[in-house]
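Working notes, structure below.
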Amino acid sequence: MLNFKAGALPISLALLGALTSATFAADYTARFSLDVREDNPKYRAAQIFAELVAEKTDGAVEIQLFPNSLLGGEAESAEGMRIGSVHMGILTSSVLAQWVPQLQVLDLPFVFESDEHVMSVSEPLTEALKQNFTDNGFHLLGFTPNGGRSLISKTQIADVADVAGKRMRVIQSPIHVALWEAAGANPVPIPAPEIYNSMQTGVIDLFDNTASNYLTSRFFEVAPYYTPLSHIYAIGTWVVADSWVQSLPEEHRAALQEAALEAQAAYAPLLAEADAAALQATVEQGSTIVEEFDRQAWVDRLSPVRERFAAEIPDAEPLLAIITEATPAE
């Protein structure tokens, strides 16, 4: 007859659980930094990536997700990858431009036509730039769109002439300042947290931002017009600490790349769905989406700004050729 002393069974089960966990523990673990919430398409793409990596490596590689900037903002996460405290993330390209200045090409106006266009250039751009990333301690896995910047205003904006003399909030970037000066507006550099109050009090008349932020920051309350110009795209850069990648066996590195490509392909429709839902939600609360405007007229007016800054960016000409020649998927 079996004779267990009181409390022995729970201890035995706990020990068994610990041994089981140890048996199936991943051989390699990575900390994935994200600056968005769990309900953001970028987080879902990272989640798909983590699931695919686990599947393709039979559980040998575990990707742990840290949303809401828990590992620090984008700049801190990039620095973390260089010293090994963070292993990977999806960072805005402009954050990484201090190490890979060629990325400034992605911030030029009217470089991309759509989210699909961004996705079509991911693989050739990754091939062209991967060595630049490696030389600076990063391993490049690809690019995805974070959304096009669109005009958000108190009054309807369609033609370039509609912004003449208006106070345009800009980020503190020479490209953005020059862009809106060329359009005839008066650029006003203002930090992002101050946009709402600045619109409400009349300090500015318009600004640019993405569809998701138009809803989540409730900008529609103080700026009821949204013109989907998408003159500049925010680009997400999928990067991994090169030191961590080098610690992986070759077959796991290949699995990492395969998983990234599949997750990135899944991300584009997630973003499109989220953007459409965000704009519809603002319309239901009183906003107006301006659909009649001549985008080419904006391109013609502002292209000299692109040419001016492209001349100062390393390797701009071949990179712009890659982007121009790319054919978006139907």
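The values are calculated or read from the model by the stated rules, or taken from the named source; none is laboratory data. Here the structure is a predicted model, which is why all the values come from computation and not from measurement. Using ideal geometry, Cβ is built from the backbone for each residue, glycine included, and neighbour counts are taken over all protein chains shown. Calculation scope for accessible area: heavy atoms of the full protein, side chains included, ligands and nucleic acids excluded. Shrake-Rupley method; radii C 1.70, N 1.55, O 1.52, S 1.80 Å.
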Next on the checklist: Through the Karplus equation 6.51 cos²θ - 1.76 cosθ + 1.60, θ set to phi - 60°, convert the phi angles of the range 262-273 into ³J(HN,Hα) values in whole Hz; use x for Gly and Pro.
Outcome noted: 5, 5, 5, 5, 6, 5, 3, x, 5, 5, 4, 5
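Would you work out if the range 204-296 is rounded, prolate or oblate? Take a ≥ b ≥ c from the square roots of the eigenvalues of the alpha-carbon gyration tensor; rounded if a/c is under 1.5, else prolate when a/b is larger than b/c, oblate otherwise. Can you show the working numbers first?
Details: a/c = 2.93, a/b = 2.77, b/c = 1.06.
Taking the square roots of the gyration eigenvalues as a ≥ b ≥ c, the range 204-296 is prolate.
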Item to check | Efficiency of FRET between ALA265 and GLN172 - r from beta-carbon atoms, R0 35 angstrom, step 0.05 | outcome: 0.55
Checklist outcome for this item: Taking the chain and counting helices only, DSSP H stretches of n ≥ 4 at -39,500 (n - 2.57) each over all residues, the nearest-500 ellipticity at 222 nm comes to -14500 deg cm²/dmol
Checklist entry - What is the extension gain from GLU273 to GLN296, computed as 0.36 nm multiplied by their sequence separation minus the C-alpha to C-alpha distance, in nm to one decimal? => result 5.7 nm
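Please report the net charge: other residues with Cβ closer than 14 Å to the Cβ of GLU127, K and R +1, D and E -1.
Numbers: positive: LYS130; negative: GLU123, ASP315, GLU325.
Summing Lys and Arg as +1 and Asp and Glu as -1 gives -2.
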Checklist entry - Roughly how many Å is it from the Cα centre of the range 171-218 to that of the range 58-87, as a whole number? => result 30
Item to check | Pair ASP27, GLU116: separation of 7 Å Cα→Cβ label points (nm) | outcome: 4.1
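If we count every other residue with Cβ under 15 angstrom of ASP315's Cβ, Lys/Arg +1 and Asp/Glu -1, where does the sum land?
On the way: positive: LYS130; negative: ASP107, GLU127, ASP135, GLU312, GLU317.
Value of the local net charge: -4.
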Next on the checklist: Give me the net charge for the shell around SER243: Cβ to Cβ below 15 angstrom, other residues only, Lys and Arg +1, Asp and Glu -1.
Outcome noted: 0
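For the range 60-131, rounded, prolate or oblate, judged on the Cα gyration tensor with a ≥ b ≥ c (square roots of eigenvalues), a/c < 1.5 rounded, else prolate if a/b > b/c?
prolate
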Checklist entry - Which one, (i) 91, 45, 37; (ii) 102, 70, 29; (iii) 126, 60, 37, gives Cα extents along the principal axes in Å as derived from the coordinates shown? => result (i)
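Test of understanding: what is the full-extension gain from ALA75 to ASP39, defined as 0.36 nm times their sequence separation minus their Cα-Cα distance? Don't jump to the answer; show the numbers that get you there.
Details: separation 36, 0.36 × 36 = 12.96 nm, distance 2.22 nm.
Value of the extension gain: 10.7 nm.
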Checklist entry - Shape of the range 156-197 from its Cα gyration tensor (a ≥ b ≥ c, root eigenvalues): rounded if a/c is under 1.5, otherwise prolate when a/b > b/c, or oblate? => result oblate
Checklist entry - Using alpha carbon centroids, what distance separates the range 142-168 and the range 263-288, in Å? => result 17
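Rounded to the nearest whole Å², what accessible area per residue is found for the range 146-239 with the 1.4 Å probe?
Details: 3340 Å² over 94 residues.
Per residue, the range 146-239 has an accessible area of 36 Å².
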Next on the checklist: With bins 5 Å wide starting at 0, give me the P(r) of the range 102-141 over every alpha carbon pair, in whole percents.
Outcome noted: 6, 21, 27, 24, 14, 7, 1
Checklist outcome for this item: The percentage of the accessible area of the range 21-140 (probe 1.4 Å, all protein chains present) made up of carbon and sulfur atoms, to the nearest whole number, is 45
Item to check | Estimated distance in nm for a label pair at VAL283 and GLU51, the labels positioned 7 Å out from Cα along Cα-to-Cβ | outcome: 3.0
Checklist entry - With r defined as the distance between the Cβ atoms of ASP159 and GLU194 and R0 fixed at 35 Å, what FRET efficiency is calculated, to the nearest 0.05? => result 0.80
Next on the checklist: Using only the alpha-carbon atoms, how far is helix 115-134 inclined from the longest principal axis of the chain? Give it as 0 to 90 degrees, nearest 10.
Outcome noted: 60
Checklist entry - Along the Cα-to-C-beta direction of GLN98, a point sits 7 Å from the Cα; which residues of the range 75-90 have their amide N less than 17 Å from that point? => result 75-86
